[in-house]
Amino acid sequence: IEGLKEAYDFISFYETYLNKIEERVSEIPDEKKVRVYLEQNKDFAAASNGSALNDMCSIAGGNNIGLGLAGSSPTVDPEWVIKENPEVIVKTANHGNKYMGYEKDNATDAKELRASIINRTGWQNINAVKDDRVFMLSDSNAGKPSFFIGVAYLAKFFYPEQFKDLDPEGIHQEYLTRFQRLDYDLKERGVFAYPKPA
């Protein structure tokens, strides 16, 4: 019974945040939704139908420019991204590599990864780069029980004004402390989004 109660508590916890995000996103007309290029761990591997990242983007109200491309992680041409001119770029980094995740104590490597994307040939002409809306997201919060944390980060990346009161790091901390029973302080350790949304 104790375990069952905890399961229901957890469901209620994550549904509260997802419902809040979905409710606000539903008020944004389709033509006003931000156009997003989602790149998975491998360079130029876009997220399309069937990928966890695309599903998260959809819940967070992003208009994925890669939707409809063949496969769940099709390789795209850099020129195609320039031509599509997304308003936001989100690159995921595998939590097992050197860039992001629970093992990291600083964002130096995530910063370097972001710089490598911004400095791709011709990408300075993309609106997302011009407007400083290029973000790194750890895939440790994608497609797993903590996917709702990734959704919260995406919502904050996409619509900072509408989600001023949303605190993805606070949600993540509560998840770790309350449900994972971990003694882990996100203010001191771990890199899950770069740059961190305000």
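Put a plus charge on the Cβ of each Lys and Arg, a minus charge on the Cβ of each Asp and Glu, and nothing anywhere else: the dipole of segment 137-192 about its Cα centre is then about 140 debye. Quick one: angle between helix 108-118 and the longest Cα principal axis of the chain, in degrees between 0 and 90, rounded to 10, please. Approximately 30 degrees, to the nearest ten.
Exceeding 29 Å between C-alpha atoms, which entries from my cross-link table qualify? They are Lys111/Lys187; Lys33/Lys83; Lys5/Lys196. All intermediate terms of the calculation are to be shown ahead of the outcome.
On the way: Lys111/Lys187 17 Å; Lys33/Lys83 18 Å; Lys5/Lys196 33 Å.
Beyond 29 Å between Cα atoms: Lys5/Lys196.
The slack in the chain from Asp131 to Lys98, taken as 0.36 nm per residue of separation less the alpha-carbon distance, amounts to 9.2 nm.
On a per residue basis, the convex hull of the C-alpha atoms belonging to the chain measures out at 119 Å³.
Applying 1/(1 + (r/R0)^6) with r as the Cβ-Cβ distance of Thr16 and Gln162 and R0 = 22 angstrom yields a FRET efficiency of 0.80. Counted over segment 107-167 with a bin width of 10 Å, the fraction of Cα pairs per bin, in whole percents, is 20, 41, 35, 5. For the chain, what proportion of DSSP beta bridges, expressed in % and rounded to the nearest 5, is antiparallel? If we restrict to bridges inside the chain, about 30 percent are antiparallel.
Each Lys and Arg adds +1 at its Cβ and each Asp and Glu adds -1 at its Cβ; summed about the Cα centre, the chain shows a dipole of about 380 debye. Each eigenvalue of the Cα gyration tensor of segment 77-183, multiplied by 5 and square-rooted, gives one semi-axis; in descending order these are 27, 17, 11 Å.
Readers should treat all values here as calculations from the given coordinates under stated rules, not as data from a laboratory. Just so we're clear, the structure is a prediction, and the values are computed from it rather than from any experiment. All Cβ positions, glycine included, derive from the backbone under ideal geometry; neighbour counts span all protein chains shown.
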